[in-house]
Amino acid sequence: MTTAAQQPTPIYLSAAVSNSALNLELRGRLPADRYELVLPQEFTPDIPHMTLERAIYQLCIDEMERSAAGILLLDAFGIDCAMESGWYAANKKPLVGIANSTARFTSNWMVKGALTHFVTMQPALYEQVKDDKIFAGHCKCHLLSDWSELAAVLDEAIAT
């Protein structure tokens, strides 16, 4: 949580760059005075991956190091996002997973094992995953009624 004199807390978004419109929408749902949602799409050039310089990788690492926590969009994550979830686990930083349209992520035990918090607005999905044995003891599941509640989950994740 920030005071008037503090800068917003950086939160790194691990999500597909092709999901850019929804990534921006998520940023808009967080209080900008409290959270800076870092979107890699804003510093990753739209060029073939084979031509990306190593500096892009390092910039992502630098932003994750700067962040207080990460958010992983689980509905359509890819290999890069899976690597980022492992980085958060290895560095003992909180990682909040968000899913609303699919339970596909539940078959990726290494990814879900990195989560410290899981968030959904779908009651059926919440019921499906809340008793997941990999979550037991370290991942708190949250059923939100509105996206405005996400800030409270981030507050909790950062405080623990």
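What does the C-alpha gyration tensor say about the overall shape of the range 37-160? Classify as rounded when a/c is under 1.5, otherwise prolate if a/b is larger than b/c, or oblate. The shape class here is prolate. Comparing Asn23, Asn100, Asn108 in a Gaussian network model of the chain (Cα springs below 10 Å), the most mobile by mean-square fluctuation is Asn108. Note on the chain: dipole from Cβ charges, positive end direction compared against Ala103, Ser18, Ala151; the farthest Cα belongs to Ala103. Paramagnetic label reach from Ile61 (point 7 Å along Cα→Cβ; backbone nitrogen cut-off under 18 Å): within the range 76-99, residues 80-93. How would you classify the range 18-102 from its alpha-carbon gyration tensor, with a ≥ b ≥ c the square roots of the eigenvalues: rounded for a/c under 1.5, else prolate if a/b is greater than b/c, otherwise oblate? The shape class here is rounded.
Helical runs assigned H by DSSP (4 residues or longer) give the chain a calculated mean residue ellipticity at 222 nm of -10500 deg cm²/dmol, each run adding -39500 (n - 2.57) before division by the residue total. Report note on the peptides 122-130, 45-53: ranked by the mean count of other C-beta atoms within 10 Å, highest first, their order is 122-130, 45-53. Where in the range 62-82 does the amide nitrogen come within less than 14 Å of the point 7 Å from the Cα of Arg104, taken along Cα to Cβ? Counting only backbone N, you get 73-82. About its Cα centre, the dipole of the chain is roughly 380 debye, where the only charges are +1 on Lys and Arg Cβ and -1 on Asp and Glu Cβ. Neighbours of Glu149, meaning other residues whose beta-carbon lies under 11 angstrom from its beta-carbon, give a summed charge of -2 when Lys and Arg score +1 and Asp and Glu score -1.
Any read-out appearing in this document is the output of simple, stated calculations on the displayed coordinates, not a laboratory observation. Given the structure is predicted, the values throughout are model-derived calculations rather than measurements. Cβ: placed from backbone, ideal geometry, glycine included. Neighbour counts: every protein chain shown.
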